[in-house]
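Here's the structure, in structure tokens; my notes come after.
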Amino acid sequence: MTDQIKPQLSHAGMWVRDMDRMVSFYTRVLGFNITDRGFVERYNGHITFMSNDPSMHHQVILAEGRPDDVPSTINQLSFRVRSLAELRVMYRRVVEEGVENLLPRNHGNAWSVYFDDPEGNNLEVYLDSPFHVPQPFGEYLDFDMADDEIVTLTEELCRATEGYRPRDEWTADLADAMDKN
């Protein structure tokens, strides 16, 4: 359908307990920049807007007001990087930070590092691979391996999995199917 509206996810906001600690984590570890701050009377709390894309006012919003006894309801927030080198840097950063629930994963179609922020929200930093396999799929991702070794191992794992396809082929078929809707 040519008149179908296709919203794209552009940002996520979350309630926080300790604004200073959360801002510090998201700027130091994830490299976000504060783009705006303010006070929201409706919530009786401060709000911080953050981005690492100069064309976007905000990608992450932190808002005061999360009660101490309320667990996170976020399944995960995911942030894409441009290369395995960047993903490796992020992995080292979070190791040095001593984050909880650190999990490096090879999903076949992507390489990921999962970890919790200081308030227990699950974060993922990832890079798409050139392969596609049906999900869920997950193996340990060893960052001691060289980039070419990771790519070769991933391709071997994917080719041995039913449903393997090159990503560009899978993407083209998905685009065709979406155009028909």
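In the chain, with Lys and Arg counted as +1 and Asp and Glu as -1 at Cβ, which of these residues, MET145, MET90, PRO54, has the Cα nearest the positive end of the dipole, that is, farthest along it?
PRO54
Measure off, as a whole percent, the carbon and sulfur share of the 1.4 Å-probe accessible area of the stretch 49-181, all protein chains present. Spell out each step's value before the answer.
Working: 3800 of 7530 Å².
The computed percentage sits at 50.
Could you give the dipole magnitude of the chain about its Cα centre, charging the beta-carbon of Lys and Arg +1 and that of Asp and Glu -1, in debye to the nearest 20?
On the way: 17 positive and 32 negative charges, 96 e Å.
It comes to approximately 460 debye.
Between the helical axis of 147-159 and the dominant principal axis of the chain, each derived from Cα atoms, what acute angle in degrees is found, rounded to the nearest 10?
60
At 1.4 Å probe size, put ASP117, ASP168, ASP142, ASP173 in order of accessible surface, largest to smallest.
Working: ASP117 10, ASP168 115, ASP142 55, ASP173 75 Å².
Heavy-atom accessible area, descending, gives ASP168, ASP173, ASP142, ASP117.
Which value in deg cm²/dmol, rounded to the nearest 500, describes the helix-derived mean residue ellipticity at 222 nm for the chain, given -39,500 (n - 2.57) per DSSP H run of n ≥ 4 and division by the residue count? Could you put the intermediate results ahead of the total?
Values: 4 runs with 51 residues, N = 181.
Calculated from helices alone, the mean residue ellipticity at 222 nm is -9000 deg cm²/dmol.
Hey, could you grab the Kirkwood Rh for the stretch 1-156? Inverse mean 1/r over distinct alpha carbon pairs, Å, one decimal. Spell out each step's value before the answer.
Details: mean 1/r = 0.0583 Å⁻¹.
Computed over Cα pairs of the stretch 1-156, the Kirkwood hydrodynamic radius comes out at 17.1 Å.
If I fit a long axis through the Cα atoms of helix 84-97 and take the longest principal axis of the Cα atoms of the chain, what angle between them do I get, 0 to 90°, rounded to 10?
Once rounded, the angle reads 40 degrees.
Taking amide H positions as placed 1.01 Å from N in the peptide plane, with prolines and chain starts having none, which residues 5 or more places from ASN109, or on another chain, fall under 5 Å of its amide H?
Distant-sequence amide H within range of ASN109: VAL133.
P(r) of the stretch 25-111 in 5 Å steps, Cα pairs, percent per bin?
Using 5 Å bins, I get a P(r) of 3, 10, 17, 21, 22, 15, 8, 4, 1, 0 for the stretch 25-111.
Between exposed GluC sites (Glu not before Pro) in the chain, where DSSP calls loop and at most 14 other Cβ atoms lie within 10 Å, what's the longest gap? If you can, show how the numbers build up before the last one.
On the way: sites that count: GLU41, GLU100, GLU162.
Maximal segment without exposed cleavage sites: 101-161.
Taking Cα pairs under 8 Å and at least six residues apart, what relative contact order does the chain come out at, in percent? Spell out each step's value before the answer.
Details: 290 pairs, mean separation 31.4, N = 181.
Answer for the chain is 17 percent.
The values are calculated or read from the model by the stated rules, or taken from the named source; none is laboratory data. These numbers were taken from a predicted model, which means no experiment stands behind them. So basically every Cβ, Gly included, is an ideal-geometry build from the backbone, and we count neighbours across all protein chains shown. In case anyone asks, the SASA skips ligands and DNA or RNA and just uses the protein heavy atoms, side chains included. Shrake-Rupley method; radii C 1.70, N 1.55, O 1.52, S 1.80 Å.
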